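Below is one structure, written out as structure tokens; comments come after it.
Read the figures in this text as sums done on the coordinates, not as results from a lab. Predicted model only: the values in this text are computed from it and were never measured.
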Amino acid sequence: MAELGIGTNDRARVSGNILEDEKVYGTVHLAFGDNTTFGGTVRAGVHIDGVIMAPDLYLDGKLVVSQGKITV
């Protein structure tokens, strides 16, 4: 895993452009592969992003996104 992010921009819209899609409020995005371009230490020949719409996300056992609504 290279990246985990929570979308917090309520003006962003799913457009097919991953740089905007991953910022849409209430989404969660995961990336696999290289993360060195933003300070990580994993070098790989690829970086693949995926966006999850209306997710439930728990961090350390605490629900932080529920059905696409940020709860913290």
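Mind listing the long-range amide H neighbours of residue 27? Cut-off is under 5 Å, sequence gap 5 or more, other chains count too, H placed in the peptide plane at 1.01 Å from N.
The list, which skips near neighbours in sequence, is 7.
Return the sequence-ordered ³J(HN,Hα) values of segment 29-40 in whole Hz as given by the Karplus equation 6.51 cos²θ - 1.76 cosθ + 1.60 applied to θ = phi - 60°, using x for Gly and Pro.
10, 10, 9, 10, x, 5, 9, 6, 6, 10, x, x
Need one word for the chain: rounded, prolate or oblate. Basis is the Cα gyration tensor (sqrt eigenvalues a ≥ b ≥ c); a/c below 1.5 gives rounded, then a/b vs b/c decides.
oblate
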